[in-house]
1. Once label points are set 7 Å from the Cα along Cα→Cβ at both THR747 and LEU453, what is their separation, rounded to one decimal in nm?
2. How far, in nm, would the chain grow between GLU369 and ASP39 when pulled straight, counting 0.36 nm per residue and subtracting the alpha carbon separation?
3. So if R0 is 22 Å, what FRET efficiency would ARG197 and HIS612 give, r being the distance between their Cβ atoms, rounded to the nearest 0.05?
4. Where the only charges are on Cβ atoms (+1 Lys, Arg; -1 Asp, Glu), what is the dipole of the stretch 227-378 about its Cα centre, to the nearest 20 debye?
5. Could you work out how far helix 267-279 tilts from the main Cα principal axis of the chain, as a 0 to 90 degree angle to the nearest 10?
6. Restricting to bridges with both residues inside the chain, how much of the DSSP beta-bridge set is antiparallel, in percent to the nearest 5?
7. Quick one: net charge of LEU229's neighbours, Cβ under 12 Å, K/R +1, D/E -1?
8. Which lysines, on any chain, are close to LYS316 with Cα under 27 Å apart, when same-chain ones fewer than 8 places away are left out?
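The values are calculated or read from the model by the stated rules, or taken from the named source; none is laboratory data. Because the structure is a prediction, the values reported are computed rather than measured. We place every Cβ from the backbone using ideal geometry, glycine too, and count neighbours over all the protein chains shown. Accessible surface is based on the protein model in full, side chains and every heavy atom, while ligands, DNA and RNA are left aside. Shrake-Rupley method; radii C 1.70, N 1.55, O 1.52, S 1.80 Å.
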Amino acid sequence: MSLQPVPNLKSMKPDTGARLIVVSNRLPLTLKKTEQGWDTTRSSGGLASAMNPLLARTGGDWIGWAGDSETEETEQRQAILAEWAETDHCFAVNLPKDVVEGFYEGYANQTLWPVFHNFPSQLKFDAKDWEAYVEANRIFCEAVVNRYRLNDLIWVHDYHLMLLPQMLRDRLPDAAVGFFLHIPFPSSEIFPVLPRREELLEGLLGADLLAFQTHGHLQQFRAALLRVLGMESKIAEVTLGSRPVRLEALPIGIAPEEYAGLLNHDSKTSQQYAEWVERYRGRKVLLAVDRLDYTKGVPERLRAYAHLLRFSPELKEKVILIQIAVPTREGIDTYQDLRMEVNRLVGEINGKLGTPEWTPLVYINRSIERHELVGLYKLADVCWVGSLRDGLNLVAKEYVACKAEGDGVLVLSEFAGAAAEMGEALLINPYDEERTAATIQRALSLDEQERRLRMTALHNRVLRNNVFHWGDRFLAALEESVSERGRYIDTQPQSLKPGEVRDAYLGASRRLLIFDYDGTLVPFGKRPQQAAPPLVVLDLLRALASDPKNLVALMSGRSADNLDLWFGEIPKLCLVAEHGAEIKTPSALAWEFLRPQPPTDWKATVTPILEHFVDRTPGSFMEEKKYALVWHYRMAEPEFGEWLANELVAMLEAMLAETELRAFRGEKIVEVKPVWANKGEALERLLRESPDSDFIFAAGDDRTDEELFERLSSNAWTVHVGAGPTRASFVVADFQILRRILELLVTSEAARRAS
Ligand code: ADQ
């Protein structure tokens, strides 16, 4: 059997000649055992609907499970699988029966599916299912590795295969691996309930690109990274050592030509359509098409429909709802319960509200042919998508694609990902049956002009953002992310060589030296006040600052009072307090604010939150600075401290989103301060103070120093103290090595003068 061809095939294979390998749990073809032997059917569901036409156009291999486990290997079965490989480039992965049960029906569909759709109450977990999930991912990995050729692009799909990206990274370190999540990503409140959540996130981070259906899902993913792994990320990127993981929101599309082709050139579709027009003449048709899954809101829709009929007697015999419900995951109890509930509601509606001439609800509990589906889309006056939660929902787009004349109304749940880009639909909250009924009533009576305006805008957008456009964007983002790897490799910091820095120092005529204090010149004390400078540090700073060629700045998160107390006596030393909020230059007598003093009334709101965290965390405490509040947890139990710090930052981020304040993680601290109070800003001021420096040296150990390193040019000597990722050009292992190098600079200069 070959896949349905797509008209006007245009190869979108990248010019590099790279092949595409698509990996998903199910292939677009399913093996079914019948009484006559093995047979091939089309797989149902959104992933197959979307990827089929895309892959037909791009070319490439598809690796997936055939939907049936090998119980007895027959010649006929072998022959079918060989034909799939030959004709359709579909390569079946063999999953043993017990692995399928634990992996597919178990962890994927009874643990991940409910949690990812925000239904934690439906979660079931068995550690054996998890093992099967790991094993299934391993079998998929083996299959990909066997087919992989250098430069291939590997595109992994969906929640069944969340461990696969990292498994592939381990086996094929240079491979380009992209991952697309078809379902939503849950809120950061719900994600942590997931057993084995760390492994899942780590598995995903093996990819070069992680793409989601909406920005909302992407943000939830970032929040989960922060909360569960303590990893910070940028809006569009997570950095892992030398490799970036690009993050994208790419709502999936459909292949509109497929629908236009059936509507305009297929006789079976026209015949079927004509038959239905005749059958439902004089009645308005509402249409709903779903897999029979509890996330799709079928009972909620039926109850809303019953409400509509009860309270709108004028609709009697004038309206009909056609509900198509494809059976799915029938081996799972929850789905059987749902099926019974829906059957009961169908009976009740038709029994209680119908008349001898009128069956208000037509319920079709099977998969229907494509030409029938397209005929129904064309026929329907209203398409009613009522998902309680949905990654995107293709039915919404398919319906709109069939409305080229601008007729018809889309009623769409605000909890479907599609709502983020289909604003002209009438949006509903499917949990509110009464208002949903009112919206359906409105949809049925919307005046023609408004109807056309809304549908035309939707239709044009569905044509534009089609599945090919989506595929292009995904593959382009994947290639871009892979090419960015070089950027990180080139900038891997080198170990700072004392001889080289000494030569540059001696050769310079004007020098600017910037040092962080805690963790850079001295080790951390248990409490901030215990890290007073030893004599050797004071002498070192004094010697460096006294050199007429130098401007030396101590740039710290500490308060101005604290810096004055410890370093105020050193002549010509420039001090920068609170990460750059205040500065005291050698030429000035007093401290200067880098920005006009901001209001500090926010402290009254943030203080009780930090106090609550102090209360919960033995050994932690709060520090108040002029511009900032800091929660220190250096003395708390390390894992508990990290865990709470993630929670605190996630909580504060949401709370401070609209303000100029941000919550920052530092070395065992969470600090709330204005976003502008950073070392990068203070640097501008120092460069004005010493404009013609031909030697710039900056050393620091934590995230606040990274802002400084980022702003300095590549000619500067940027030095990170300690382990961990950094943007600095050089690293030293600890504060002692840095001090020794600085001493070398001082003694070398003195020796040169003496000679
Ligand atoms: P699904 O949960 O399967 O997909 P959806 O996006 O609605 O949900 O796709 C269903 C597909 O099945 C559609 O293409 C539809 O035409 C087809 N279909 C439905 N009922 C049918 C029937 N009775 N007969 C024949 N075909 C039928 C997952 C996510 C979605 C996401 C898609 C794609 O859950 O949120 O939109 O992947 O990314």
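1. Roughly 8.2 nm, to one decimal.
2. Numbers: separation 330, 0.36 × 330 = 118.80 nm, distance 1.69 nm.
Length difference between fully extended and current span is 117.1 nm.
3. On the way: r = 25 Å, r/R0 = 1.12.
My answer for the efficiency is 0.35.
4. Numbers: 23 positive and 21 negative charges, 65 e Å.
In total the dipole reaches around 320 debye.
5. Once rounded, one gets 70 degrees.
6. Details: 31 of 101 bridges.
In the chain, DSSP labels about 30 percent of beta bridges as antiparallel.
7. Values: positive: ARG197, ARG222, ARG227; negative: GLU198, GLU199, GLU202, GLU232, GLU642.
Charge balance near LEU229 sits at -2.
8. LYS284, LYS296, LYS352, LYS378, LYS403
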